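Peer 1: Could you have a look at this structure, given as structure tokens, before my questions?
The values are calculated or read from the model by the stated rules, or taken from the named source; none is laboratory data. Everything numeric here is computed off the predicted structure, so don't read it as measured data. Glycine gets a Cβ as well: all are built from the backbone with ideal geometry, and neighbour counts include every protein chain shown.
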Amino acid sequence: MDPHQTEVNEDGCYVGLTHDHLSVQNIMDRVRSPQAGAIVLFAGTTRDNFAGKPVKELQYSAYNALALRTMLSICKELVTKHHLTSMAMVHRLGTVPIGEESILIAASSPHRQAAWRAGEEALEDCKNRVEVWKREEFEGEAGVWRANRDGAVGQKVEEGDADPSVSA
């Protein structure tokens with residue numbers, strides 16, 4: 001996979017990384033199908049606090065090649081597991097101000113239950129597996145890098161420093 005690639009569209013799955021604002025309409029259109037009776041959308045937004053501290057903004061960084069590979073793997077697994085029509089996942093990188101979306105996940109399926117389950121699993125798998133890091137910037141104090149999991153303190157790894165033998 002090209003290290004500068006920012007999106008992949010394969011086997012009913014679309015994944016992307018962008019520094020642009022996320023579009024709910026765009027991600028829904030990526031999973032829309034005449035075979036789908038349901039589209040479930042999750043939008044993760046930057047909240048104004050974490051553990052009682054006022055958050056100023058979040059900053060996201062990713063190892064693009066690995067992150068896209070992992071996101072695609074998650075989508076493909078869930079499309080198969082839940083018999084989805086399609087799935088899309090887009091993560092925003094860079095600064096994400098309070099109230100703006102950092103991730104959008106959409107799942108379409110013939111029936112709503114499968115799309116609901118897949119959307120929840122996709123979010124949890126993304127937070128646990130995808131090579132995205134966030135820096136929480138707090139009002140009046142230094143920020144902290146975290147793995148893309150709530151509460152898990154992490155350390156940013158630059159793209160050239162990552163271990164290429166680690167696969168998602």
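Peer 1: Taking segment 91-112, which residues are in a strand (DSSP E or B) and among the hydrophobic types (A, V, I, L, M, F, W, C)? Quick ask: steps written out before the conclusion?
Peer 2: The first filter runs over segment 91-112 and keeps only residues in a strand (DSSP E or B), leaving 91-92, 94-97, 101-109.
Scanning segment 91-112 gives V96, I103, L104, I105, A106, A107.
Peer 1: Separate question: Which condition breaks for A107 when tested against (1) farther than 16 Å from K134 by Cβ; (2) surrounded by fewer than 16 Cβ atoms within 10 Å (Cβ to Cβ)?
Peer 2: The single condition A107 does not satisfy is (2).
Peer 1: Within segment 5-36, which residues are in contact with a helix residue (DSSP H, G or I) (Cβ under 7 Å, 6 or more places away or on another chain) and either at pLDDT below 95 or of a type outside the set (A, V, I, L, M, F, W, C) (or both)?
Peer 2: Passing the criteria: Q5, T6, E10, D11, G12, Y14.
Peer 1: Same structure, new question: Of all strands (runs of 3 or more DSSP E) completely enclosed by segment 1-73, which ones contain at least 2 residues that are small (G, A, S), surrounded by 13 or more Cβ atoms within 10 Å (Cβ to Cβ) and in contact (Cβ under 8 Å) with a residue 40 or more places away in the chain?
Peer 2: By residue number, 38-45, 53-62.
Peer 1: Go through A88, A118 for me and flag whichever is assigned to a helix (DSSP H, G or I) and at negative phi.
Peer 2: After ruling out the rest, the residue left standing is A118.
Peer 1: If K76 satisfies every condition in (1) in a strand (DSSP E or B); (2) closer than 28 Å to R112 by Cβ but one, which is the exception?
Peer 2: Going through (1) in a strand (DSSP E or B); (2) closer than 28 Å to R112 by Cβ one by one, K76 breaks only (1).
Peer 1: Would you check which residues across segment 101-128 are under 12 Å from the mean Cα position of the chain (by Cα) and within 22 Å of H21 (Cβ to Cβ) and list them?
Peer 2: Listed by number, the residues that qualify are E101, S102, I103, L104, I105, A106, G119, A122, L123, C126, K127.
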